[in-house]
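Written out below as C-alpha cells is the structure these notes cover.
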Amino acid sequence: MKYDLLLRSARVVDPSNGVDAEVDVGISEGKIVEVGEQLDAALAGALVDLDGLTAIPGVIDTHVHIRGPAHKMMALAGVCTALDMADGGDVLRAMPELGAGLNVAALRTMPAYPDDPPGTDEGKALVEEALAEGAIGIKLIGGHNPSSPAATQKFIELANQMRSYVAFHVGSTETGSHLRGLLEAVELAGDNCLHVAHVNSYLRGITGDPAQEALEGLAALAEKPNLVSESYLSIINGTGGKIGDDGLPTSHVTRNCLKMAGYDPDRDGLGRAIADGYGLVQIEEGGQTVLVTGERGVAIWEERDTDVSMSFPVNKPEASFLCATRKDSRGNFVVDAISTDGGGIPRNVAVEYGLALVRYGALTMDEFVLKVSSAGASMLGLHDKGHLGAGADADITVIDEDLGIPVMTVVGGRVVMAHGIVYGSGGTIITTARGEESARATGLEVKVVDPEDFLLFNKR
Ligand SMILES: [Zn+2]
C-alpha cells in the first residue's frame, strides 16, 4: 500500500505551499506523501471521502490550559498541537491517562517574587528544573500573582540566556493585567525575546476605551520584533475563585473582573457575582468542562472551599477583533497567532470564531490558516507542521465551512476525532533535549525540538 490513509476530494488550503484546490491527500506512516488530483484509491489502506469539506494544516493552539478533559475538548475543536501555559511536567505526566492523541508542549509557571528578584543561581535552578521535567520553558503570571518589575526582568533575562521559552501574562507589582502592564512588559523585555501571552486580555477598558487601548498596545508590540504573541477571540476569560486568608480573591485578575462590573473585590462580592450570573464556575460534567452560575454555582464554589476555576465575560470584542486582524506597516500581523487560552476552559473556539472572521471578510482563508496553524508551528520550532507539503507531519484539521466548525482531527495520520467522537489516546510530547529523558519516561512518543528554532529567538 502506498498510502495508509487517503483523504479524498477536500478543499485543501495550505498557503505555505500555495495550495487552495480540491485535491486528495495521501498519507503514510504519519507523514504526507502526496497532495494532488485523483490519487489512486487502490493504493490506499483506508479512504475517507471529504467531498464538500475543507482540510487545513492541523490547528496549533499556542495558549491552552490542560486539565481535566482538556485533551478531549481540544480534539473536538480540531486542535492537533497545543502549548500548555502553566503546569509543565504535570501535564506531560498525566498524558498517558488523559491524552487524546495530540501533540503537547508545556511551560512551567515560575513562583512570584513580589520584592527582590531571585538570585541568579536560584533563578537558573528554577528554569533548569522546568526544562528537566520536560517543559520547553517558563511562564510568568504577573497579572494573576505579581512579581516586582526587577524579578520579572530577571526571569526574562535568565530564560533568554538559557534558551528557555518564556511567556508572560503581563503585570507586575507596579502595574496589573491591563494596558499599562502590556506597555511595561514591552519595556521589561528590552532587547530580550519574550512571548506576550493573550494580548487581547489586557485590553478590557480598565484604563480607557478598549479599542483605543488595543490600538496603543498593538502599536507598542509592532515596534518590537523581539516579541511574539497570540490573542484569542472568546468573550470569557479564565481565572480562579479562590479566596485567600485576607478575605480577598488570590488572583488579581479576579479582583479586576469584580471591579469592572461594580462588585466589591472580596468574598461577598465574588459570591454575589456568581449568584447574579456574572461569575461562571467551571466544573467537569459529561466529559467536558461546563460553566455553572447562579445558586448552583455559589453552592459548588462554597462546597469546594472557593478553590475553583472561573470565567467572567470580560473580553471586549473590539479589542479581540483588532488583535486578530491588525497588520504592521509591512503587512505582517502584529499578533502572530490566534490561540484560545482554552484547553480545559470551555472556549476552544479558534476554528469556529476564526472562520467567522473569514466569513466576515476580516481574514482571508489563507490568513486564517496562517494564524491558527503555520504561526504556531514557527513559534514551537516545528518545521514539519503548519503546512501540508510532501514529508510534512500528517496533522490535518477538517472543517465544515457551511457549519463553521471542525469535523475531523487527524494527528500523525491517525483520526483522533471525527464528527464529535474522540478516538485518540495518549499523544506525543514536544520537548527539548533537556527534557527528553523525563518525556520518554512517560512511555509516550517524544518529539525533540531545538530552542534555536523557536520563532521567539528568530523573529528579529
Ligand atoms: Zn492562560
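The values are calculated or read from the model by the stated rules, or taken from the named source; none is laboratory data. Since the model is a prediction, treat every value here as computed from it, not as a measurement. Counting neighbours? That spans all protein chains shown, and the Cβs are built from the backbone with ideal geometry, glycine included.
One table, with the values for the structure above:
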{"item": "Residue that is within 26 Å of Arg8 (Cα to Cα), assigned by TED's automatic domain parsing to the domain that holds Gly435, of a type in the set (Val, Ile, Thr) and away from the ligand (no atom under 16 Å from the Cβ), where the choices are Thr81, Thr54", "result": "Thr81"}
{"item": "Among the residues listed as Gly68, Gly45, the single one being within 16 Å of the ligand (Cβ to nearest atom) and surrounded by fewer than 21 Cβ atoms within 10 Å (Cβ to Cβ)", "result": "Gly68"}
{"item": "Residues satisfying the stated conditions in the range 102-112, i.e. buried (at least 24 other Cβ atoms within 10 Å of the Cβ) and either within 14 Å of the ligand (Cβ to nearest atom) or farther than 21 Å from Ala197 by Cβ (or both)", "result": "Ala106, Leu107, Arg108"}
{"item": "Strands (runs of 3 or more DSSP E) (entirely within the range 1-74) containing at least 3 residues that are among the small types (Gly, Ala, Ser)", "result": "19-28, 44-49"}
{"item": "Hits in the range 166-204 - residues which are at pLDDT 95 or above, under 13 Å from His144 (Cβ atoms), of a type in the set (S, T, N, Q) and within 13 Å of the ligand (Cβ to nearest atom)", "result": "Ser201"}
{"item": "Spans of helices (runs of 4 or more DSSP H) in the range 183-287 with at least 3 residues surrounded by fewer than 19 Cβ atoms within 10 Å (Cβ to Cβ) and among the charged types (D, E, K, R)", "result": "267-275"}
{"item": "Ala151 being more than 16 Å from the ligand (Cβ to nearest atom), small (Gly, Ala, Ser), buried (at least 19 other Cβ atoms within 10 Å of the Cβ) and under 29 Å from Thr442 (Cα atoms)", "result": "no"}
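A quick yes/no check of all residues on (1) surrounded by fewer than 21 Cβ atoms within 10 Å (Cβ to Cβ); (2) in a strand (DSSP E or B); (3) not assigned by TED's automatic domain parsing to the domain that holds Glu133:
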{"site": "Ala375", "(1), (2), (3)": "no, no, no"}
{"site": "Thr397", "(1), (2), (3)": "no, yes, yes"}
{"site": "Met408", "(1), (2), (3)": "no, yes, yes"}
{"site": "Ile430", "(1), (2), (3)": "no, yes, no"}
{"site": "Glu437", "(1), (2), (3)": "yes, no, no"}
{"site": "Glu452", "(1), (2), (3)": "yes, no, no"}
